[in-house]
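The following block contains the structure, expressed as structure tokens.
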Amino acid sequence: MTLRYRLSALASNGGDQVTVPSVGVTCIVGGNNAGKSQALRDIVQIISDRSARPVAVTAIAAALTGDLSQSEEWLETTAVRQPAPPGYPPSYTPTHGGNQLTLEQFNTWIRGASDGLLSHAATFFYWHATAGALVGYATGGMGTPGMGPAASPLGALFRDGDLEERLSVLSREVFGQPLTLDRVNGDVRLRVGDPGLPAPPLNRPTLQYADAVRRLASLEHQGDGMRAFMGLALYVVAGGAQVLLVDEPEAFLHPAQARALGRWLATEAQAQDRQIILATHDRDLVLGLLDAEAPVKMIRISRNSDRTSLHELSEAELSDIWADPVLRYSNVLQGLFHEQVVVCEADADCRFYGAVLDALATESGSRSLADATLFVPSGGKQRAPVLAGALSRLGVSAYVIADFDLLNDRDQLKAALVSVNGVWDQDLDRLYLAVAGWANQTSAWPSLKTQGLSGLKAGTVYSAGKDLLDRLASMRLLLVPVGEMESFDKSVDGHGSPWVSAMLEKGGHKSSAEARQLVGPLAARSAAT
């Protein structure tokens, strides 16, 4: 390929700038109405129209490289040559539709694209699939789209049986049924199933084979999920665009299919040297992307009034999270689609504090306060900063709720505070030393585990402990003031999940004033969002 077009960075109207890898998948995530779809539309506008007025993504860095003198050869092999009247030069269109340009017009636009903004030539290099539109991309017949070796994605399959076989194998793996390209009944289209007969040579078709193929149901008569999946797969395998912008590719797919699509997309993007930028709100698609051993970049978009923010998580940071089996099989990635995430030490803690927040939200008359919050178990204190830190870097408002004895390890305490974007200062250091110094001298840590503040020496030590917890809470690190969760009500037997079940049955999540006070900042944050 003589010409290569790639985006390298995106900038938001809030002044953030994030990088975009040249090969692989860049996944844009965020909450509802955060601007994911708008970001893709903005990229299209910026590339195509120098007078555009984008909304969320206001600038890009991009470049067209290669030997511009070979543009005609490039067009002949990657675009569709349209017939022209005698005496007129031929024109070209992209395989997926778009602007029709003569060679001279195409050259004019690409030579003026030193800044990566291609204007009328842009559609030859990118393909934008809007949400829900994928269901129609692989259905219907090939028709007569023009001339040349890249007449259409279906035309590419017609010419190359290996491409058809790749799609067929994928369909069988995901949906349990292969695909067959009907080359013999005068209307080239994808059909579902196997004709049960070996394909004869193209120049010697048989009636038996033609009838067997015709009896197969066409892809357009299948469910929306299969049509959407195979529509995207067709354009990835056989389309001519180098940059694919895809909005909600998981639409109509069940969780297992969404995960399979993510895994396949990441693998194919790397294998075919494609740059794929997609917007999603589906955790299973993200899980599939991370399952693949291929480049994946995560960008989270958020919006506060008219200000759009972009936050990125590098491949290395994603790999660190994904390598930890406890984190890998948690629900942490679902936090990418929430306004705030609360990291707790265990599943039982998540259940109880989630119930307390539900009660507070219900009393305030708005369940959306709780709906915007996700509770994630970290599997222990040491992993909490890893989860919270990754989410914080992606612009998620992350909290950590930990037992009082986190104070027994200064390094872990600092790590937890930093993970939620808190700052350890001299005043915190003074308060911490007052509490920890006394606890170390008196060997009080075992009793503080279950007593919390009430186990501290009255007077200056207690006051320092109270001030310390208040300061940490103001920075989204919430330490249990009674020591541990079970100490909110010591009349309830059990520990962990049994205690939580008994406490919820008793209604303790509604009546415990201390638990409600601990969780209170979450409701205040939700109300602000």
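The values are calculated or read from the model by the stated rules, or taken from the named source; none is laboratory data. Since the structure is predicted, the reported quantities are computational estimates derived from the model, not experimental observations. Positions of Cβ are backbone-derived with ideal geometry, glycine not excepted, and every protein chain shown enters the neighbour counts. Surface areas here come from the heavy atoms of the whole protein model, side chains and all, with no ligands, DNA or RNA. Shrake-Rupley method; radii C 1.70, N 1.55, O 1.52, S 1.80 Å.
Just how many pairs of Lys in the chain have C-alpha atoms closer than 14 Å, counting pairs that are eight or more places apart or on different chains?
The result is 5.
Heads up, I need the accessible area for Tyr88: 1.4 angstrom probe, whole protein in place, Å², nearest 10.
Accessible area, nearest 10 Å²: 150 Å².
Compute the distance in nm between two label points, each set 7 Å from the Cα along the Cα-to-Cβ direction, one at Ser474 and one at Glu73.
Reported label-point gap for Ser474 and Glu73 is 6.8 nm.
Relative contact order, percent, of the chain when contacts are C-alpha pairs under 8 Å separated by at least 6 residues?
14 percent
Tell me, what does the Kirkwood hydrodynamic radius of the chain come to in angstroms if you use every pair of distinct C-alpha atoms?
26.3 Å
Rounded, prolate or oblate: which fits segment 37-182, taking a ≥ b ≥ c as square roots of the Cα gyration tensor eigenvalues, rounded meaning a/c under 1.5, else prolate when a/b beats b/c? Walk me through the numbers on the way to the answer.
On the way: a/c = 2.21, a/b = 1.27, b/c = 1.74.
Oblate shape, in that a/c is at least 1.5 and b/c is the bigger or equal ratio.
When the C-alpha atoms of segment 307-373 are aligned to their principal axes, what extent does each axis show, in angstrom, from largest down?
Over segment 307-373, Cα extents along the principal axes are 43, 37, 12 Å.
A further question follows. About its Cα centre, how strong a charge dipole does segment 222-346 have in debye, to the nearest 20, once Lys and Arg get +1 and Asp and Glu get -1 at the Cβ?
Values: 10 positive and 18 negative charges, 47 e Å.
About 220 debye.
Ordered by residue, what ³J(HN,Hα) values in Hz, to whole numbers, does segment 497-503 give under the Karplus form 6.51 cos²θ - 1.76 cosθ + 1.60, where θ = phi - 60° and Gly and Pro are x?
So the J values, rounded to whole Hz, are 4, x, 5, 4, 4, 5, 5.
I'd like to know which of Val332, Val396, Leu118 lies farthest towards the positive end of the charge dipole of the chain, counting +1 on Cβ of Lys and Arg and -1 on Cβ of Asp and Glu.
Leu118
Could you give the size of the charge dipole of the chain about its Cα centre, using +1 on the Cβ of each K and R and -1 on the Cβ of each D and E, expressed in debye and rounded to the nearest 20?
That gives the chain a dipole magnitude of about 480 debye.
In square angstrom, what is the accessible area per residue of segment 336-470 with a 1.4 angstrom probe? If you can, show how the numbers build up before the last one.
On the way: 5330 Å² over 135 residues.
Ligands and nucleic acids excluded, the figure is 39 Å² per residue.
Additional query: Report the one residue of Gly437, Ser12, Pro90 whose Cα lies farthest in the direction of the positive end of the charge dipole of the chain (charges on C-beta: Lys and Arg +1, Asp and Glu -1; origin at the Cα centre).
Pro90
What distance in nm separates the simple spin-label points at Asp306 and Thr2, each placed 7 Å from Cα in the Cβ direction?
So the two model labels end up 4.6 nm from each other.
How big is Rg to Rh over segment 357-430, alpha-carbon atoms, Rh as the Kirkwood inverse-mean-distance radius?
Radius of gyration over Kirkwood radius for segment 357-430 works out to 1.04.
Could you tell me the center-to-center distance, by alpha carbons, between segment 19-33 and segment 246-319 in angstrom?
So the two Cα centres are separated by 6 Å.
Where the only charges are on Cβ atoms (+1 Lys, Arg; -1 Asp, Glu), what is the dipole of segment 160-237 about its Cα centre, to the nearest 20 debye? Walk me through the numbers on the way to the answer.
Numbers: 9 positive and 11 negative charges, 36 e Å.
Its charge dipole is roughly 180 debye.
Need one number: nm distance between label points at Thr19 and Ser119, each 7 Å from Cα along Cα→Cβ, rounded to one decimal.
Taking the simple label geometry, Thr19 and Ser119 are separated by 3.1 nm.
Same structure, new question: Calculate what fraction, in whole %, of the accessible area of segment 32-112 sits on carbon and sulfur atoms when a 1.4 Å probe is rolled over the protein chains. Before the final figure, lay out the partial values.
Details: 2060 of 4190 Å².
Summing carbon and sulfur atoms, their accessible area is 49 percent of the total for segment 32-112.
Kindly report, to the nearest 10 Å², the accessible surface of Glu164 as traced by a 1.4 Å probe over protein heavy atoms only.
Probe radius 1.4 Å; accessible area of Glu164 about 30 Å².
Would any residue of segment 303-319 have its amide N under 12 Å from a label point 7 Å out along Cα→Cβ of Ser37? List them or say none.
none
Further question: Could you sort Glu250, Glu165, Glu104 by accessible area so the largest value comes first, with the probe set to 1.4 Å?
My answer, sorted largest first, is Glu104, Glu165, Glu250.
Which residues' amide hydrogens lie under 5 Å from the amide hydrogen of Val376, considering only partners 5 or more residues apart or on another chain, with H built in the peptide plane?
The list, which skips near neighbours in sequence, is Val342, Val343, Cys344.
Suppose accessible area is computed on protein heavy atoms with a 1.4 Å probe; arrange Leu197, Leu181 from highest to lowest.
Per-residue accessible area, sorted high to low, gives Leu197, Leu181.
Over the heavy atoms of Lys457, what accessible area does a 1.4 Å probe trace out, to the nearest 10 Å²?
120 Å²
Lys/Arg Cβ at +1, Asp/Glu Cβ at -1, dipole of the chain taken about the Cα centre: which of Ala370, Met298, Gln382 is farthest positive-ward?
Farthest along the dipole direction, towards plus: Ala370.
Which number do you get for Rg(Cα) / (2.2 N^0.38 Å) in segment 190-254?
Segment 190-254 yields a ratio of 1.45.
Relative contact order for segment 1-105: what is it in percent, counting Cα pairs under 8 Å that are at least 6 residues apart? Before the final figure, lay out each step's value.
On the way: 138 pairs, mean separation 28.4, N = 105.
Here the relative contact order equals 27 percent.
Provide, in order from the shortest bin, the percent of all Cα-Cα pairs of segment 289-344 in each 5 Å bin, continuing until the bin that contains the maximum pair distance.
So the P(r) values, bin by bin, are 4, 15, 25, 26, 17, 9, 4, 1.
Based on the alpha-carbon set only, what is the convex hull volume of segment 167-313 divided per residue, in Å³?
Working: hull volume 20.9 nm³, N = 147.
Cα-based convex hull of segment 167-313, divided per residue, equals 142 Å³.
Next up: Report the normalised scattering of segment 432-482 as log10 I(q)/I(0) at q = 0.31, 0.32 Å⁻¹, calculated by the Debye formula with identical scatterers on the alpha carbons.
So the normalised log intensities work out to -1.29, -1.32.
Using alpha carbon coordinates only, what is the Rg to Rh ratio of segment 13-102, with Rh defined as the Kirkwood radius?
1.07
Can you give me the % of accessible surface on segment 346-407 that is carbon or sulfur? Probe 1.4 Å, all protein chains present, nothing else counted.
C and S fraction of accessible area: 49 percent.
Ok, one more. From largest accessible area down, sort Arg191, Arg300; use a 1.4 Å probe on the protein chains.
So the residues, ranked largest to smallest area, are Arg191, Arg300.
Please grab the % of Cα pairs in segment 303-449 that end up more than 23 Å from each other.
44 percent
Expected output is a single nm value to one decimal: the length gained when fully extending between Arg430 and Val169, i.e. 0.36 nm times separation in residues minus the C-alpha distance. What is it?
Taking 0.36 nm per residue and subtracting the Cα distance, the gain is 87.5 nm.
Hey, how many Å between the Cα centroid of segment 414-428 and the Cα centroid of segment 503-526?
Using only Cα atoms, the two centres lie 25 Å from each other.
Further, regarding this structure: What is the ratio of the Cα radius of gyration of segment 371-526 to 2.2 N^0.38 Å, where N is its residue count, to two decimals?
Numbers: Rg = 15.5 Å, N = 156, 2.2 N^0.38 = 15.0 Å.
Compactness ratio reported: 1.03.
Write out the trypsin sites (Lys or Arg not before Pro) in segment 1-97 meeting two conditions: DSSP loop, and at most 16 other Cβ atoms within 10 Å of their Cβ.
Arg50
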